[in-house]
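What follows is a short report on a single structure.
The values are calculated or read from the model by the stated rules, or taken from the named source; none is laboratory data. Every value quoted in this text rests on a predicted model; they were computed, and no experiment measured them. Positions of Cβ are generated from backbone atoms using ideal geometry, with glycine treated the same way; all protein chains shown enter the neighbour counts.
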Ligand code: XCC
């Protein structure tokens with residue numbers, strides 16, 4: 001039975017509906033198998049949580065001080081402190097944004113310190129992305145003539161670290177270097193130009209403590225400021241620093257999906273977000289020493305597979321097959337063929353350890369911040385990077401040694417493979433199309449009707465991966481080019497939409513373009529921090545077209561909002577003038593409320609930034625909404641529909 005959430009007036013799926021609608025046959029097989037074995041996953045626990053609390057669903061539950069928790073409803077219109085509904089709802093959203101900001105900041109910080117260590121010549125790390133280092137140096141007006149690249153890199157890192165953690169009030173150099181001038185003026189007029197990531201995080205938490213800010217408009221304004229700090233600090237910082245360290249990825253084709261696991265090989269999955277240690281781990285797993293260890297244990301070789309954003313990173317840069325996303329991290333362990341899962345930071349759910357124990361998988365944690373009781377812990381400490389090689393070797397050995405303990409009677413690998421092309425960067429897309437001018441021409445002529453970034457997480461509140469795949473397919477059929485990252489990208493990779501052969505499923509305009517350029521209709525652009533790549537592409541199109549971002553046929557789509565990190569993603573694009581379509585209603589007041597006016601009213605945020613938030617949980621309807629939005633933008637520009 002589907003669950004009805006009365007307060008939001010929406011149905012959410014039960015496990016049977018997930019099973020019926022999820023598009024990947026491998027996920028379906030695993031859901032059925034685990035169900036038959038009586039092994040619980042997040043899909044069962046989601047069913048057990050119903051009915052979900054209506055106060056929490058609508059953001060009307062406050063736990064920001066120790067007087068509460070307080071719940072706002074008809075009988076109690078204010079919290080104990082006197083806080084009203086709007087301050088509670090917007091305050092909760094602001095805290096969620098701050099948590100997402102902190103997560104990316106921690107990620108970005110680790111990569112930036114790794115770049116710094118590499119520039120200082122510390123062992124185990126090197127600077128491969130010379131082009132990106134020089135590009136950033138020129139954007140930040142850092143002299144490069146007659147200087148070693150490592151020295152230049154140190155200055156670039158100093159700028160990025162400053163934008164992450166500055167407490168003094170100084171210009172935000174990353175924002176100034178990348179943001180469109182028209183937008184900067186809009187943000188200045190709104191009073192939301194950010195100071196730094198940590199500054200805005202501090203302010204967000206400070207404003208929402210007991211007796212802090214009770215004016216919801218000021219909280220909303222801080223939300224916007226923090227979203228810009230999020231975008232131009234942690235997001236740009238982590239994506240660019242990774243390119244400084246490992247280079248700008250290039251498109252490459254590989255095989256993905258659960259079927260890449262092999263019964264007679266050691267199967268190692270790598271899951272999380274940070275790219276730093278996984279590069280060393282990959283080298284170790286591919287080394288003759290570890291290969292020999294695997295063969296000595298009776299394995300024919302080692303299969304390495306990726307999950308979530310680390311998986312996207314490994315796929316884009318090293319051609320490592322990706323397997324699944326956050327929603328599938330338990331399901332894949334149900335194959336009984338995963339000898340080890342190595343996890344670093346974020347989106348690693350505790351349920352993974354329960355499944356690992358059921359199927360004898362060795363779980364290995366590699367990040368100080370993300371401990372799991374019972375897992376083997378080999379933490380990589382970026383403050384002591386000299387241990388990275390030894391740590392990676394320890395992890396590789398432990399992963400291979402787990403092979404001997406595998407219970408073969410529990411093995412069942414879905415025979416599902418998909419060909420996929422990934423590794424698209426901003427520069428890679430521009431180069432393949434022949435420059436931004438050519439893309440603008442295609443948009444203007446109507447051969448391409450628009451571009452949509454279909455991105456984001458998984459949530460059990462909508463049928464697993466059904467939204468990602470349905471929306472992307474329908475947009476592509478309507479000649480809309482799809483850019484994708486993160487867990488959404490896994491769904492599209494596994495559905496075959498990221499393979500050039502999928503061109504035939506696109507509309508006539510996009511299909512012909514894909515054929516000419518040998519590209520798929522959905523371009524996988526990396527992990528969720530790499531939404532910066534789509535944003536930079538959009539910004540470049542706007543510059544070359546001479547049309548503000550808010551007027552172009554562009555769209556940001558998040559069909560399965562899950563992690564708190566998604567809040568800042570949507571807001572960042574919105575602030576750039578790119579409308580946002582989300583697949584499940586956020587915790588905003590539902591009717592007759594000032595906040596809705598603020599978001600979509602005639603004089604509200606929509607007017608000021610030139611973009612709207614759409615919500616639709618039925619993906620076919622969501623795709624129609626998206627198409628109508630793009631058509632509207634085209635019509636306003638006088639471009640053919
Ligand atoms: Fe996490 Fe990045 Fe969201 Fe997936 S998309 S659930 S944040 S792994 Ni990034």
### Summary
Being closer than 26 Å to residue 370 by Cα and away from the ligand (no atom under 16 Å from the Cβ) narrows 106, 95, 78 down to just 95
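Residues are listed down the side, and each one gets a yes or a no for (1) in contact with a strand residue (DSSP E or B) (Cβ under 6 Å, 6 or more places away or on another chain); (2) more than 20 Å from residue 420 (Cα to Cα); (3) surrounded by 24 or more Cβ atoms within 10 Å (Cβ to Cβ):
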| site | (1), (2), (3) |
| --- | --- |
| 480 | yes, no, yes |
| 491 | no, no, yes |
| 494 | yes, no, yes |
| 505 | no, no, no |
| 559 | no, yes, yes |
### Query
What are the residues in segment 465-524 that are within 21 Å of the chain's Cα centre (by Cα) and assigned to a loop (DSSP other than H, G, I, E, B), if any?
465, 485, 495, 496, 497, 498, 499, 520, 521
### Task
Return the only residue of 164, 127, 134 being at pLDDT 95 or above and under 17 Å from residue 426 (Cβ atoms).
134
### Query
Taking helices (runs of 4 or more DSSP H) that fall entirely within segment 1-101, which contain at least 1 residues that are in contact with a strand residue (DSSP E or B) (Cβ under 7 Å, 6 or more places away or on another chain)?
54-57
#### Entry: Meets criteria (in a helix (DSSP H, G or I) and in contact with a strand residue (DSSP E or B) (Cβ under 8 Å, 6 or more places away or on another chain)) for residue 573
yes
### Query
Looking at segment 468-492, which of its residues are in contact (Cβ under 8 Å) with a residue 40 or more places away in the chain, on the phi < 0 side of the Ramachandran plot and within 13 Å of the ligand (Cβ to nearest atom)?
468, 484, 485, 487, 488, 489, 490, 491
### Query
Which residues, taken from segment 604-624, are part of a helix (DSSP H, G or I) and modelled with pLDDT of 95 or more?
619, 620, 621, 622, 623, 624
### Query
What helices (runs of 4 or more DSSP H), lying completely within segment 253-344, carry at least 3 residues that are within 16 Å of the ligand (Cβ to nearest atom), closer than 22 Å to residue 412 by Cα and within 23 Å of the chain's Cα centre (by Cα)?
none
### Message
Given the criteria within 16 Å of the ligand (Cβ to nearest atom) and modelled with pLDDT under 95, does residue 586 qualify?
### Response
yes
#### Entry: Among (1) under 22 Å from the mean Cα position of the chain (by Cα); (2) over 23 Å from residue 564 (Cβ atoms); (3) away from the ligand (no atom under 16 Å from the Cβ) - the single one residue 371 does not satisfy
(2)
### Query
How many residues does segment 77-91 hold that are at pLDDT 95 or above and surrounded by fewer than 22 Cβ atoms within 10 Å (Cβ to Cβ)?
4
### Query
Is it fair to say residue 556 is touching a residue at least 12 places away in the same chain (Cβ under 8 Å) and assigned to a strand (DSSP E or B)?
yes
### Message
So residue 457 ticks every box in (1) in a loop (DSSP other than H, G, I, E, B); (2) more than 16 Å from the ligand (Cβ to nearest atom); (3) touching a strand residue (DSSP E or B) at 6+ places or on another chain (Cβ under 9 Å) but one. Which box is left unticked?
### Response
(2)
